[in-house]
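K.L.:
Below is one structure. I have some questions about it.
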Amino acid sequence: MTELTFELTDGSTVSVEVTDLLNAGYAGREQDEVQAHIAELAELGVPGPSTTPALYPVSPYLAAQPDVVDVQHQRTSGEAEWALVISEQGPLLTVACDHTDRALEVHGVAWSKNASPDVLGKKAWRLDDVRGHLDSITIRGWVMDEDGRETLIQDSTMGALLSPDYWIEKLAERNLNKPGTVLLSGTVAMVHGVDQFAPAWRVELGDPVTGETIGASYRVREMAAPIG
């Protein structure tokens, strides 16, 4: 079973054994944002969903905090998101990057979600500490080239997405609002014209009230070609 450890703002740490991992999709509050993301994926040949928001179960071992993500080919990319982590000490909020196999996504979104890890930050906020200003927390993502130069590819706020409390209610309906559950929020639209198939990704949540940030970054490493 995968165990994740998060550092909180008071310097303490919380460890969570992941028992259930879920990825929300098409979870924007504004329909134009949702349609923009559907249009982005349509350009890659991904069919639109039958209903929104969507929710995809993912193998729990794919919740991870790596510095390197190994992939099978060059058509994979990240997605900047927030993650809700249900711990014994209550719900936590951290940053996440849902690394997705775009070639496999054409055949099935749920399949593609299980092809690469969900990268989570190593720090977290207690949800209760930030609940009063969640909508203003920024969600940003950058792609990095081989020389480490960054380009902003996603820039939005949590106000653009369905809230953690919305998903806590949905988890409760499924008896999943319990320690060990991790849910990723779904993503926001990408900046048009920026190449998402990058060798590295960096994502960040930013709290404008406290000035604190939670980040995660990783390199993408293509595995050797298969034999046979």
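The values are calculated or read from the model by the stated rules, or taken from the named source; none is laboratory data. It should be emphasised that the depicted structure is a prediction, and the values quoted were computed from it without experimental measurement. Glycine gets a Cβ as well: all are built from the backbone with ideal geometry, and neighbour counts include every protein chain shown. Side chains included, ligands, DNA and RNA excluded: accessible areas come from the protein's heavy atoms. Shrake-Rupley method; radii C 1.70, N 1.55, O 1.52, S 1.80 Å.
K.L.:
Helix 31-43 against the longest principal axis of the chain: what's the angle in degrees, Cα atoms only, rounded to the nearest 10?
P.N.:
Orientation of helix 31-43: about 30 degrees from the principal axis.
K.L.:
With each pseudo-label sitting 7 Å past Cα toward Cβ, what's the LYS122-LYS178 distance in nm, one decimal?
P.N.:
3.1 nm
K.L.:
Now, a different point. In nm, give the distance between the simple-model label positions of HIS192 and ILE227, each being 7 Å from the Cα along the Cα-to-Cβ direction.
P.N.:
4.8 nm
K.L.:
Leaving out ligands, DNA and RNA, what percent of the accessible area of segment 73-158 is carbon and sulfur, probe 1.4 Å? Numbers along the way, then the final one.
P.N.:
Working: 1570 of 3270 Å².
So the carbon and sulfur contribution to the accessible surface is 48 percent.
K.L.:
So what is the relative contact order for segment 44-164, in percent, with contacts set as C-alpha pairs under 8 Å and at least six apart?
P.N.:
Reported as a whole number, the value is 23 percent.
K.L.:
Also: Excluding residues on the same chain fewer than 8 positions from LYS123, give the lysines whose Cα lies under 22 Å from its Cα.
P.N.:
Reachable lysines: LYS178.
K.L.:
Once both axes come from the Cα atoms, what is the angle between helix 164-173 and the longest principal axis of the chain, in degrees from 0 to 90, rounded to 10?
P.N.:
Tilt of helix 164-173: around 90 degrees.
K.L.:
What does the extension gain come out to for ALA39 and GLU7, with contour length at 0.36 nm per residue minus their alpha carbon separation?
P.N.:
Length gained, ALA39 through GLU7: 7.8 nm.
K.L.:
Moving to a separate point now. Using helices alone, I'd like the mean residue ellipticity at 222 nm for the chain: each DSSP H run of four-plus residues gives -39500 (n - 2.57), total over residue count, nearest 500.
P.N.:
Mean residue ellipticity, 222 nm, calculated: -4000 deg cm²/dmol.
K.L.:
I need the peptides 197-203, 175-181 ranked by packing, meaning the mean over residues of other C-beta atoms within 10 angstrom, with the highest value on top.
P.N.:
Numbers: 197-203: 20.3, 175-181: 16.1.
The peptides rank, most packed first, as 197-203, 175-181.
K.L.:
Using a 1.4 angstrom probe, figure out how much accessible area the chain has per residue, in square angstrom, rounded to the nearest whole.
P.N.:
46 Å²
K.L.:
Let me ask you something else. Over the chain, what is the relative contact order in percent, taking alpha-carbon pairs closer than 8 angstrom and at least six residues apart? Can you show the working numbers first?
P.N.:
Working: 546 pairs, mean separation 63.3, N = 228.
Result for the chain is 28 percent.
K.L.:
Now a separate question. Given a cut-off of under 8 Å on Cα pairs at least six residues apart, what relative contact order in percent is computed for segment 139-228?
P.N.:
Result for segment 139-228 is 33 percent.
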